[in-house]
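Below is one structure, written out as structure tokens, with a few remarks after it.
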Amino acid sequence: MRINYARLGVDTIATLAQRTIETSEKAEFTALVKDNPLLAQLKKTYGEYFEVFNKVTFSGMGVDVQKADLKRDNFFRGLYRILLSMSNMEGMSLQQDAKELLPFFEPYGFEITRFSYGDETAYLNKLIEALDKPEVIAGLEKLNLKEPFTLLKKSQEDFEKLFSSQAGTNASLREMESATSLKGNLVYDLRNYLSMVNAMRDVDAWEPFYNELNEIVKAASNSSAVHPPQILPPPPMPG
């Protein structure tokens, strides 16, 4: 019963442990390993391993965060473009009012939407703080731009909440012990158990059990990463 555990992926190790446990619990072999402490330990370790085997490494909120970022970008660009257009309309009664608001945007410009999430958030917060003053709000109302500004503020708040939630979720997930880090524990217990069965192979009652497990081990050794076996739910933990 030879196998190079180091060459097995986390999925193959999981399948090998699962099938070893299932074979050990077959009616014809139950008497051999009933209450066996090595089997009990293997089942315990496998249960822990399976919990994180297919866990999502990240929050899965990336697409939502990206959409929220695009939404605030669109409100910022739209507000800035309107002011630029109005400030260039010679003879328009509100041209000067638009020009007076442009300096608030010019330190940032359209480049702000190309910044990292964190940098853009910092700059937008400064811009919103500068605009959210009675005298500036009065200018926005005169230009009928208070609603777009309110929508920009709301989109910024929504983005910050979502981004903060994503960061917290990702941090929690990274704190969970990964299947890769648990692989060593499972390999250790699996090796101990299979070594015990291997040692008993010359005993008549154990030979069929050994032969069946040996075929499972061979299958794991020959498994292809291109077609990983399906992982079934873990067997029930020992009572």
> Residues in the stretch 125-168 that are crowded, with 16+ Cβ neighbours inside 10 Å and either modelled with pLDDT under 90 or more than 17 Å from ARG77 (Cβ to Cβ) (or both): how many?
Replying inline: 6
>> For the stretch 1-36, give me each residue that is not hydrophobic (A, V, I, L, M, F, W, C) and not in a loop (DSSP other than H, G, I, E, B).
In response: TYR5, ARG7, ASP11, THR12, THR15, GLN18, ARG19, THR20, GLU22, THR23, SER24, THR30
> How many residues are of a type in the set (Val, Ile, Thr) and either open to solvent by 30 Å² or more (accessible area, probe 1.4 Å) or at pLDDT below 90 (or both) if we restrict to the stretch 196-210?
Replying inline: 1
> Looking at (1) hydroxyl-bearing (Ser, Thr, Tyr); (2) surrounded by fewer than 11 Cβ atoms within 10 Å (Cβ to Cβ); (3) under 29 Å from GLN66 (Cβ atoms), which is the one condition that is false for TYR117?
Replying inline: (2)
>> For the stretch 211-223, give me each residue that is more than 11 Å from ILE3 (Cα to Cα) and exposed (fewer than 14 other Cβ atoms within 10 Å of the Cβ).
In response: ASN211, GLU215
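The values are calculated or read from the model by the stated rules, or taken from the named source; none is laboratory data. Note that the structure is predicted; figures quoted are calculated from it, not measured. Heads up, the Cβs are rebuilt from the backbone with ideal geometry, glycines too, and the neighbour counts pull from every protein chain shown. Note: accessible area is taken over every heavy atom of the protein model, side chains too, but ligands, DNA and RNA are not part of it. Shrake-Rupley method; radii C 1.70, N 1.55, O 1.52, S 1.80 Å.
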